[in-house]
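The values are calculated or read from the model by the stated rules, or taken from the named source; none is laboratory data. The shown structure was predicted, so the numbers you read here are calculated from the model rather than taken from an experiment. With ideal geometry, Cβ positions are generated from the backbone for all residues, glycine too; neighbour counts draw on all protein chains shown. Keep in mind that these areas ignore ligands, DNA and RNA; they rest on the heavy atoms of the full protein, side chains included. Shrake-Rupley method; radii C 1.70, N 1.55, O 1.52, S 1.80 Å.
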Amino acid sequence: VGSEMCIRDRAKAEEIQLTGPLAGAPPVRKLRLQREGRFEIAPSFSFTLLDEYRRTMVVGGSMTYNAFDWLGFGVWGGFGAITPLTALSDQVNESAPRNSRTAVNVGKDFGAQVSKLTWMVVPQVQIAPFRGKLAIFSKLFVDTDLYLHLGLGFHGIDERADCAAGACVKTEAGGGPANKDMASRVAISPNFGLGFKFYTNNLVNFGLEYRAFPFSWNRAGLDQRGGGNDGKFPDQNVNGEDQTFKFNQMITLSVGFALPAKPKLSE
């Protein structure tokens, strides 16, 4: 039994040495390097997820230079082209009472005080640790990679303007609460997520990407904080105290065009 254990231990410690023409050869030859040394322009369309009061559809694009097949530097951005209200906003607008006690929070048109995401610009880095081939119906094979992206985002927001006490309540000639004034600001936050690229030919690829960009903002334009011992109660003012944290998210669809039009090949 002892000799048998000795033989097994030696077998586990042995290293297989390749000889002949495969000695020192790379695991893959003539691999298409879809990213390395290429500059990519990718128009895109994005839509936000899990919005309480207003959805945002962003038309934009990205520009990326890939220094290596696994590492790229670039910028992504866009503007909020379509910003429809959600069903919740419609319900608030239709059913919320309008009186002296609610005038600070609910104007004649609730949708007019709901915040908008107007534009985004994100310098970012892309890291593509995984790549391979995707088979469709076992007939069509396309090069595919999974990448991570990380950047610092600048986000343009139209948000309800600051107001104090009585100034938060304006009346129209008819006596009803008026629409609330809006103001623009820039929110800065980390942007991160992951995506897939599908290389259908040497020049064109299609992308699917998830992006998270958490920051605090007053999405409904409400007086909801600033008062009480801990500042978690309404105080009849609308200002930065009323901003609450949101883990903002979106999905992006893109079509990329890479130059040079022909990718490099590995050894």
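When each of 183, 165 is tested for being more than 30 Å from residue 69 (Cα to Cα) and either modelled with pLDDT under 90 or of a type in the set (Asp, Glu) (or both), the lone residue that passes is 165. Looking only at residues of the stretch 54-91 that are open to solvent by 50 Å² or more (accessible area, probe 1.4 Å) and of a type in the set (Phe, Trp, Tyr), we find that the one that is nearest to the chain's Cα centre (by Cα) is 79. Have a look at 121, 125, 106, 142 and point out the one that is in contact (Cβ under 8 Å) with a residue 60 or more places away in the chain and of a type outside the set (Asp, Glu). That would be 106, the only listed residue that is in contact (Cβ under 8 Å) with a residue 60 or more places away in the chain and of a type outside the set (Asp, Glu). For the stretch 214-267, a tally of residues being loosely packed, with under 13 Cβ neighbours inside 10 Å and not polar (S, T, N, Q) returns 13.
Between 100, 46, 138, which is at pLDDT 95 or above and not hydrophobic (A, V, I, L, M, F, W, C)? Talk me through it step by step, then tell me what you get.
Numbers: 100 fails: at pLDDT 95 or above; 138 fails: at pLDDT 95 or above.
Of 100, 46, 138, the one residue that is at pLDDT 95 or above and not hydrophobic (A, V, I, L, M, F, W, C) is 46.
Restricting the stretch 231-267 to residues that are of a type in the set (A, V, I, L, M) and in contact with a Gly (Cβ under 8 Å, 6 or more places away or on another chain), the residue that is farthest from residue 40 (Cα to Cα) is 238.
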